[in-house]
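Participant: My structure is below; once you've seen it, I'll send some questions.
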Amino acid sequence: MKFFLVISLVFTLSSCIQLEKPVTDIRKFALEKNNGYLLFHFHTPFTQDGYIKQIDLNGNEIQKYNIEDSLFAPSDVFKFDNNFYFASGAYSNDNKVINYNPQTKKMSLIETKQKKYIEKYFKKSNSEYIITILDSNNQNEYCDITLKKCNYLSEAFRTHDITVLENYVIAVGINKSAINDQKGILQIKKMDSNFKPLEEIHLDNMPNYFTYTSPDEKLYLFMFNGDIVSIDSDLNIKKFPFYSFAPFSGNPKIITYNKNVSIDNNTILINFKLNDEDKSYLAKLNFDKATPTMQIISSNTDEQILNVDDSKPEVYTRSYVNDKTIITVRDITTLKVIKTILLESDDPIYFVDNIE
């Protein structure tokens with residue numbers, strides 16, 4: 001009987017140990033089985049607690065990969081050409097971009113050819129761009145890492161976003177000393193592919209952090225006053241007041257537009273919060289008409305958008321209940337809930353990959 005207990009204990013311990021595997025170099029991350037979902041929990045600041053957890057379709061843990069590589073601390077996840085890019089961020093102590101290929105389930109590193117940490121990443125065709133994080137002078141750079149060239153917008157402006165419209169580089173800057181909306185707070189700068197300035201305009205409203213570049217070559221900014229602003233390659237501006245597209249009466253004082261993901265060529269899914277109501281919404285925004293149209297998908301559920309998987313097709317959100325993380329899986333076309341997965345902890349999940 002004692003012998004049986006010892007054998008059972010050894011077997012149980014070895015099984016638990018096998019459920020967790022260390023990964024010291026993210027380039028060596030390799031799955032043993034392609035089934036279920038991968039859940040990415042990046043390092044929290046000043047720690048290395050990041051992991052990739054593999055679960056089955058019912059949420060049961062299959063394998064946990066403890067990521068010991070400091071690079072696994074990106075500022076955000078960016079999707080281009082069916083690949084995902086994790087910008088290194090300030091806490092990674094590095095200046096590379098992680099490229100995750102959902103087909104191979106492998107990660108590789110992109111050298112940015114500069115020494116600063118990365119806030120945002122943008123890719124179009126063979127060109128790759130980054131924005132560095134703010135330094136002690138509240139200043140940062142935009143860079144073409146293919147050309148190995150970096151620039152500041154100006155002494156007065158910090159770089160907020162960068163994109164490419166009709167082969168012109170468009171940089172968005174915010175006045176460093178400005179508070180809330182005020183005259184000329186926003187700089188929109190048009191440049192050629194070598195960063196030669198061609199034209200610039202100024203706007204008077206403060207944008208939220210996340211932007212959207214559409215397939216038809218327009219940049220959309222989401223303002224704190226609720227407006228959506230579209231910009232084309234000729235720097236033509238169109239402003240859409242919140243009440244003109246949203247199913248609400250009147251104009252709220254402040255709107256926080258959070259992350260958005262593209263769900264088709266004309267439509268994005270977006271989080272936003274009406275600050276005077278302290279209420280959050282998940283909404284579909286369509287841009288195929290002269291004025292955007294909004295459809296509320298859910299309200300007051302505090303679903304935070306993570307990413308889409310076009311191949312399934314699914315979109316993933318994160319929320320919390322009773323100190324537990326919930327992953328909600330929605331159909332990318334109907335946006336109806338396919339399933340919800342209740343996790344064992346409140347660790348924030350930043351990226352989901354369906355590997356069935």
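The values are calculated or read from the model by the stated rules, or taken from the named source; none is laboratory data. If you're wondering where the values come from, they're calculated on a predicted model, not measured in any experiment. Cβ coordinates were reconstructed from backbone atoms using ideal geometry, including for glycine residues, and neighbour counts include every protein chain displayed. The protein model used for the area step is the full one, side chains on, heavy atoms only, and it has no ligands, DNA or RNA in it. Shrake-Rupley method; radii C 1.70, N 1.55, O 1.52, S 1.80 Å.
Participant: List every residue pair whose Cβ atoms sit under 8 Å apart, with the two residues 6 or more apart in sequence or on different chains, where the first one lies in the stretch 234-254 and is open to solvent by 80 Å² or more (accessible area, probe 1.4 Å) and the second, anywhere, is β-branched (Val, Ile, Thr) and at pLDDT below 90.
Facilitator: Here the result reads none, with nothing in the stretch 234-254 linked to a residue that is β-branched (Val, Ile, Thr) and at pLDDT below 90.
Participant: Further question: So, restricting to strands (runs of 3 or more DSSP E) that lie completely within the stretch 218-279, which ones have at least 2 residues that are touching a Pro at 6+ places or on another chain (Cβ under 7 Å) and not aromatic (Phe, Trp, Tyr)? Quick ask: steps written out before the conclusion?
Facilitator: Working: elements: 219-223, 228-231, 237-240, 255-264, 267-274.
Once the strands (runs of 3 or more DSSP E) in the stretch 218-279 are filtered for at least 2 residues that are touching a Pro at 6+ places or on another chain (Cβ under 7 Å) and not aromatic (Phe, Trp, Tyr), what remains is 219-223.
Participant: Let me ask something additional. Do any residues in the stretch 304-323 that are of a type in the set (A, V, I, L, M) have Cβ atoms under 6 Å from those of residues that are open to solvent by less than 10 Å² (accessible area, probe 1.4 Å) and not in a strand (DSSP E or B), where the two are at least six apart or on different chains, and which pairs are they?
Facilitator: none
Participant: Now a separate question. Restrict the check to the stretch 101-110 and report whether at least one residue is hydrophobic (A, V, I, L, M, F, W, C) and free of Cβ contacts under 8 Å to residues at least 40 places away in the same chain. Talk me through it step by step, then tell me what you get.
Facilitator: So the first thing to find is which residues in the stretch 101-110 are hydrophobic (A, V, I, L, M, F, W, C), and the list is 107, 109-110.
With free of Cβ contacts under 8 Å to residues at least 40 places away in the same chain added as a condition, the list becomes 110.
Yes, that holds for at least one residue.
Participant: Additional query: At least 2 residues that are free of Cβ contacts under 8 Å to residues at least 40 places away in the same chain in each: list the strands (runs of 3 or more DSSP E) lying fully within the stretch 173-213 that qualify.
Facilitator: Working: elements: 186-191, 197-203, 207-213.
Because the criterion is at least 2 residues that are free of Cβ contacts under 8 Å to residues at least 40 places away in the same chain, the strands (runs of 3 or more DSSP E) in the stretch 173-213 that meet it are 186-191, 197-203.
Participant: Right, here's the next one. From the list 312, 339, pick out the single residue that is of a type in the set (Lys, Arg) and outside any strand (DSSP E or B). Let's see the steps before the verdict.
Facilitator: Values: 339 fails: outside any strand (DSSP E or B).
The conditions single out 312.
Participant: Please go through the stretch 45-69 and pick out each residue that is closer than 14 Å to residue 26 by Cβ and open to solvent by 40 Å² or more (accessible area, probe 1.4 Å). Reasoning before the result, please.
Facilitator: Kept after step one, since they are closer than 14 Å to residue 26 by Cβ, are these residues of the stretch 45-69: 48, 50-52, 65-69.
Answer for the stretch 45-69, where residues must be closer than 14 Å to residue 26 by Cβ and open to solvent by 40 Å² or more (accessible area, probe 1.4 Å): 48, 66, 68.
Participant: Shifting gears a bit: Among the numbered criteria (1) at negative phi; (2) buried (at least 17 other Cβ atoms within 10 Å of the Cβ), which single criterion is violated by residue 89?
Facilitator: (1) is the only condition that residue 89 fails.
Participant: Would you call residue 143 touching a Cys at 6+ places or on another chain (Cβ under 6 Å), in contact (Cβ under 8 Å) with a residue 12 or more places away in the chain, open to solvent by 20 Å² or more (accessible area, probe 1.4 Å) and at negative phi?
Facilitator: Working: touching a Cys at 6+ places or on another chain (Cβ under 6 Å): yes; in contact (Cβ under 8 Å) with a residue 12 or more places away in the chain: yes; open to solvent by 20 Å² or more (accessible area, probe 1.4 Å): no; at negative phi: yes.
Considered against the rule, which asks whether it is touching a Cys at 6+ places or on another chain (Cβ under 6 Å), in contact (Cβ under 8 Å) with a residue 12 or more places away in the chain, open to solvent by 20 Å² or more (accessible area, probe 1.4 Å) and at negative phi, residue 143 comes out as no.
Participant: Kindly indicate the residue of the stretch 342-356 that is part of a loop (DSSP other than H, G, I, E, B) and more than 19 Å from the chain's Cα centre (by Cα) and also farthest from residue 257 (Cα to Cα) among those meeting that condition. Spell out the reasoning first.
Facilitator: Within the stretch 342-356, the subset part of a loop (DSSP other than H, G, I, E, B) is 343-350, 355-356.
If we keep only those that are more than 19 Å from the chain's Cα centre (by Cα) too, we end up with 343-346, 355-356.
On the way: 343: 27, 344: 29, 345: 27, 346: 24, 355: 30, 356: 32 Å.
Top of the filtered list is 356.
Participant: Take the residues in the stretch 321-336 that are assigned to a loop (DSSP other than H, G, I, E, B) and not β-branched (Val, Ile, Thr), then tell me which one is surrounded by the most Cβ atoms within 10 Å (Cβ to Cβ).
Facilitator: Step one: list which residues in the stretch 321-336 are assigned to a loop (DSSP other than H, G, I, E, B), which gives 322-323, 332-336.
With not β-branched (Val, Ile, Thr) added as a condition, the list becomes 322-323, 335-336.
Numbers: 322: 7, 323: 7, 335: 17, 336: 8.
It comes out as 335.
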